[in-house]
Amino acid sequence: MTVIYLDNNATTKVDPAVIDAMLPYLSEYYGNPSSMHTFGGQVGKAIRDARSHLAQLLNAEESEIIFTSCGTESNNTAIRTALAAQPDRRHIITTQVEHPCVLNVCKQFEKQGYTVTYLSVDRQGQIDLLELEAAITGNTALVTTMYANNETGVVFPIEQIGAIAKAAGAIFHVDAVQVAGKLPLSMKDSTIDLLTISGHKLHAPKGIGVLYVRRGFRFRAFLLGGHQERGRRAGTENVPGIIGLGKAAEIANFELKYMHRETRLRDRLEQGLLSRIADCEINGHPTQRLPNTTNIGFKYIEGEAILFSLNQYGICASSGSACTSGSLEPSHVLRAMGLPYTILHGSIRFSLSRFTTEAEVDRVLEVMPGIVNRLRELSPFTSDAAGWLQERDMTIAGAAT
Amino acid sequence: MWDYTEKVLDLFYNPKNQGAIAADNESGIAVVFGEVGSIACGDALRLHLKIEIAQDKILDARFQTFGCTSAIASSSALTELIKGLTLDEALKITNREIADYLGGLPEAKMHCSVMGQEALEAAIYKYRGIEVEHHEEEEGALVCRCFGISEPKIRRVIIENDLTTVEQVSNYIKAGGGCGSCLAGIEDLIQAIQAEKAATSARVNAELAIVLDDRPLTTLQKINLIQQVLTEEVRPVLLADGGDVELYDVKDDVVQVILKGACGSCSSSTTTLKIAIESRLKERVLPSLVVEAV
């Protein structure tokens with residue numbers, strides 16, 4: 001069965017050109033870039049080229065790029081180094097809708113005596129800058145927030161957040177894992193001190209990430225050991241990964257100007273679903289969103305059942321329902337938005353890439369109404385003759401933390 | 001991706017007995033439904049039964065389910081299992097049988113089978129006019145407030161499925177899967193049930209031994225057994241702590257022992273007597289035994 005892959009916010013297909021670029025570094029060019037011989041030295045040169053492509057993607061200096069193993073490592077390092085750089089400040093500000101690799105680190109620091117403010121989001125998944133202004137103090141060491149949300153695609157007003165952080169003397173870290181390659185990024189004249197990228201979200205392989213560190217930042221390495229990455233991230237480099245990410249960054253930089261194609265396909269999918277299927281709605285801000293992401297809540301049915309039905313047609317998507325996660329609670333992001341339960345459990349995320357075709361989108365539009373109808377016919381809530389949907393079921397009991 | 005059996009997927013993609021049963025006032029026939037879960041919890045089942053009143057028998061069963069793949073498959077499996085059964089026979093269906101019919105469920109999805117069993121019970125109780133206990137009003141009886149789960153329900157699932165961890169309880173009925181404030185309470189319940197089970201098992205074993213033998217233990221048998229348990233099971237533990245015990249005499253059900261070494265001068269020797277020695281002898285020999293130090 002042909003796979004229709006619409007789960008690109010989870011991971012992306014490695015671009016064939018990226019694989020071609022990597023292959024020699026998995027075979028003939030296996031030297032250690034730290035070695036003193038020419039054989040290793042040529043690998044070191046390739047890493048420099050890759051770093052240059054990352055710097056171009058971020059409009060940053062090459063010296064500001066640190067290669068890490070993944071987005072999680074970059075986010076962990078950023079938070080830890082930011083707090084170490086301002087040890088006399090003991091307050092962190094983040095949001096309720098961050099990735100667990102930020103939320104869980106913050107929770108750990110809470111146990112170590114830090115106070116953490118988790119900014120709320122509104123029904124459209126957007127934060128309130130007034131809430132940030134009210135929360136920030138001279139004791140705030142770090143403001144750490146995602147650039148765009150992985151589940152809804154909602155884009156936060158990053159430079160405005162940064163301006164508030166800088167005015168209070170706080171360090172500003174941005175998790176841009178979902179943004180790199182989808183929106184233009186420029187670190188020049190930005191308020192961002194630290195920024196995270198993950199390779200496998202932009203058609204590079206898994207196991208490679210980047211942490212941007214503004215020049216002059218008092219960086220404290222998380223991984224200690226050798227002198228790699230100028231002592232800022234020890235460990236022999238993941239050379240094929242770095243080469244692959246370099247190539248992916250080069251391609252992403254070029255492809256940014258064609259992002260309107262993804263947006264057009266996303267909108268075609270979104271509008272097609274909304275017009276063909278009753279009782280569904282977009283979760284997230286209508287315009288302040290990534291060009292590739294749509295999250296739609298289908299009332300009265302459950303997300304995992306939708307995913308397994310799509311899976312029958314080879315269609316890959318994602319859901320924020322509890323049943324897909326092994327957890328008993330649905331997505332913390334959708335809960336924080338205060339979605340009613342009728343929508344919360346039946347939300348599906350479709351995330352496109354530059355490899356998505358019109359025919360694939362049309363196939364989803366073809367099968368999705370049937371899937372939703374079938375599951376609604378099974379559901380007791382669709383025609384709630386017995387009045388089972390009580391008032392208490394319709395609204396969320398309390399916002400998530 | 002969940003590792004579902006072929007049967008689960010088959011009943012999800014091609015469910016049997018979906019829908020409602022209309023009450024058409026047919027003579028000698030009753031139509032009733034029972035429901036569990038809610039849209040807030042993420043899964044809900046409304047089970048419809050068509051009952052032949054004279055025979056007390058389920059003629060037809062249908063379901064309406066809001067939930068995941070395994071919830072829909074479990075509901076469909078349940079309807080297949082109960083069609084043709086009398087109500088009393090149906091009430092004996094356990095969630096384990098529903099899961100077994102499906103060739104098993106991932107442990108994190110076992111609550112789907114529990115939901116099936118509860119909907120069945122709700123429907124039959126409703127038909128019989130039996131009031132189902134609601135514990136929401138009773139402070140303390142409700143253990144998990146996030147999912148509204150009472151102590152009797154948790155007890156039942158622990159006992160019926162032989163659960164030993166809090167995580168399992170969450171997988172089976174969701175209790176403890178929300179804010180987590182009831183986790184300690186669930187753990188206490190598990191321990192209490194295990195202790196009850198151990199005591200019951202010992203009592204039953206002892207009673208069985210007597211019944212099977214058809215005669216009470218003779219004094220000689222009793223002393224021999226006591227000596228054996230003390231030597232093989234009690235002394236090694238005491239010796240490890242620098243103590244020891246010796247059997248002094250047995251008078252009816254009173255076992256007299258001499259505590260030696262560290263046990264002789266230990267301030268918690270009463271505890272040693274009651275927990276380490278008496279409870280072990282009650283469990284292994286006779287529940288009526290009482291241990292005294294001389």
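Brief remarks on what is shown
- Assessment of the range A:369-383 against the conditions (of a type in the set (G, A, S) and not in a helix (DSSP H, G or I)) yields at least one matching residue.
- Lone unmet requirement of (1) assigned to a loop (DSSP other than H, G, I, E, B); (2) within 23 Å of the chain's Cα centre (by Cα) for A:G31: (2)
- Residue check: B:A108 meets all listed conditions (1) of a type outside the set (S, T, Y); (2) at the interface with chain A (Cβ under 9 Å from one of its Cβ atoms); (3) in a helix (DSSP H, G or I); (4) buried (at least 24 other Cβ atoms within 10 Å of the Cβ) but one, namely (4).
- Selected residue (only one of B:G67, B:G42 is touching a residue at least 40 places away in the same chain (Cβ under 8 Å) and within 14 Å of chain A (Cβ to nearest Cβ)): B:G67
- Out of A:Q108, A:Q96, A:Q56, A:Q86, one residue alone is of a type in the set (S, T, N, Q) and free of Cβ contacts under 8 Å to residues at least 60 places away in the same chain. It is A:Q108.
- Top-ranked residue of the range A:318-335 - restricted to ones that are of a type in the set (G, A, S) and buried (at least 23 other Cβ atoms within 10 Å of the Cβ), ranked as farthest from A:L378 (Cα to Cα): A:S331
- Residue in the range A:274-307 that is nearest to the other protein chains (Cβ to nearest Cβ), counting only those that are on the phi < 0 side of the Ramachandran plot, in a loop (DSSP other than H, G, I, E, B) and buried (at least 21 other Cβ atoms within 10 Å of the Cβ): A:E302
- For the range B:46-105, filtered to residues that are part of a strand (DSSP E or B) and among the aromatic types (F, W, Y), the residue that is nearest to B:R128 (Cα to Cα) is B:F63.
- Residue in the range B:19-34 that is touching a Ser or Thr at 6+ places or on another chain (Cβ under 8 Å) and either more than 22 Å from A:Q312 (Cβ to Cβ) or surrounded by 22 or more Cβ atoms within 10 Å (Cβ to Cβ) (or both) present: no
- Whichever residue in the range B:18-35 is in contact with a helix residue (DSSP H, G or I) (Cβ under 7 Å, 6 or more places away or on another chain) and within 11 Å of chain A (Cβ to nearest Cβ) and, among such residues, is farthest from A:S321 (Cα to Cα): B:F33
- You will find that of B:G103, B:G129, the residue that is at pLDDT below 95, more than 14 Å from chain A (Cβ to nearest Cβ) and on the phi > 0 side of the Ramachandran plot is B:G129 and no other.
- Qualifying position, being in contact with a Cys (Cβ under 8 Å, 6 or more places away or on another chain) and either away from every other protein chain (no Cβ under 12 Å) or not in a loop (DSSP other than H, G, I, E, B) (or both), among A:L245, A:L310: A:L310
- Any hit, the range A:47-69, residues being within 20 Å of the chain's Cα centre (by Cα) and under 30 Å from A:R363 (Cα atoms): no
- The number of residues in the range B:176-193 being more than 12 Å from B:A108 (Cα to Cα) and surrounded by 15 or more Cβ atoms within 10 Å (Cβ to Cβ) comes to 9.
- Qualifying residues in the range B:215-255 (those that are in a loop (DSSP other than H, G, I, E, B) and free of Cβ contacts under 8 Å to residues at least 60 places away in the same chain) - the one farthest from B:L273 (Cα to Cα): B:R215
- Residue match in the range B:209-220 (condition: surrounded by 12 or more Cβ atoms within 10 Å (Cβ to Cβ), farther than 30 Å from B:R145 by Cα and at pLDDT 75 or above): yes
- Only one entry in A:E151, A:E133, A:E98 is acidic (D, E), more than 19 Å from A:N9 (Cα to Cα) and not in a strand (DSSP E or B), namely A:E133.
- The set of residues in the range A:166-178 that are hydrophobic (A, V, I, L, M, F, W, C) and touching a helix residue (DSSP H, G or I) at 6+ places or on another chain (Cβ under 8 Å) comprises A:I171, A:F172, A:V174, A:V177.
The values are calculated or read from the model by the stated rules, or taken from the named source; none is laboratory data. Source: prediction; values computed, not measured. Counting neighbours? That spans all protein chains shown, and the Cβs are built from the backbone with ideal geometry, glycine included.
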